[in-house]
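Structure first, commentary second.
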Amino acid sequence: MDSDLRQKIYDFIDSKGLRKTVQREAIIQAAFSTAQHFTAEELIDMARRIEPTVSRATVYRTLPLLVESKLLKEIDIGKDHKTYDPNFVNRPHHNHIICTDCQKVFEFEDHYMETLEDCISKRQGFTPIAKTVRIEASCDQLRKFGICKNKK
Ligand SMILES: [Zn+2]
Ligand SMILES: [Zn+2]
């Protein structure tokens, strides 16, 4: 985990008047040592691999805090449960394509898209602050070949 990032997180936790505990440390470590999206339940498993005493309650208390710090983002990928994305730290402008066939989520960045979003907002008299683009798509591989390596 990046030391800059760690500093930012702990500055935030300090500003909230919270204590630094091994459990919280394990949760933070787990959340930001992966490039995968995860659910709260998955984060519990990952954190417990680092520190077995991590409780479910601590994870559910720490998650909103990380989201509030803007380092972790809650994303809507069309599932019932909330999904969290640690990748906005390194790629703040990335977007998601969700394959409705394979259920996989792909991340992409595109400068044209950013420019376009800026232009659209400006034209309507707004300055963009945050945005989420979620493209739901069907899989070309699966349609063409009847098989796709992403399909489980
Ligand atoms: Zn993402
Ligand atoms: Zn596919």
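The values are calculated or read from the model by the stated rules, or taken from the named source; none is laboratory data. None of these values were measured; they are calculated from a predicted model. Because the Cβ atoms are built from the backbone with ideal geometry, glycine has one as well, and the counts that use them run over all protein chains shown.
Points worth noting:
- Some residue of segment 20-30 being modelled with pLDDT under 95 and of a type in the set (Ser, Thr, Tyr): yes
- Residue match in segment 49-61 (condition: without any contact (Cβ under 8 Å) to a residue 60 or more places away in the chain, surrounded by 13 or more Cβ atoms within 10 Å (Cβ to Cβ) and within 19 Å of Val105 (Cβ to Cβ)): no
- Only one of the numbered conditions (1) surrounded by 13 or more Cβ atoms within 10 Å (Cβ to Cβ); (2) away from ligand 2 (no atom under 16 Å from the Cβ); (3) aliphatic (A, V, I, L, M) is violated by Val105, and that is (2).
- Counted residues, segment 64-94 - those being of a type outside the set (Lys, Arg) and in contact with a strand residue (DSSP E or B) (Cβ under 7 Å, 6 or more places away or on another chain): 13
- Taken over segment 113-140, residues that are without any contact (Cβ under 8 Å) to a residue 12 or more places away in the chain and within 16 Å of ligand 2 (Cβ to nearest atom) amount to 1.
- All positions within segment 110-152 that are among the polar types (S, T, N, Q), modelled with pLDDT of 90 or more and closer than 25 Å to Thr100 by Cα: Ser138, Gln141
- Filter result for Asp76 (among the charged types (D, E, K, R) and within 16 Å of ligand 2 (Cβ to nearest atom)): no
- Taking segment 1-20 as the range and being touching a residue at least 12 places away in the same chain (Cβ under 8 Å) and over 16 Å from Val67 (Cβ atoms) as the test, the residues that pass are Met1, Asp2, Arg6.
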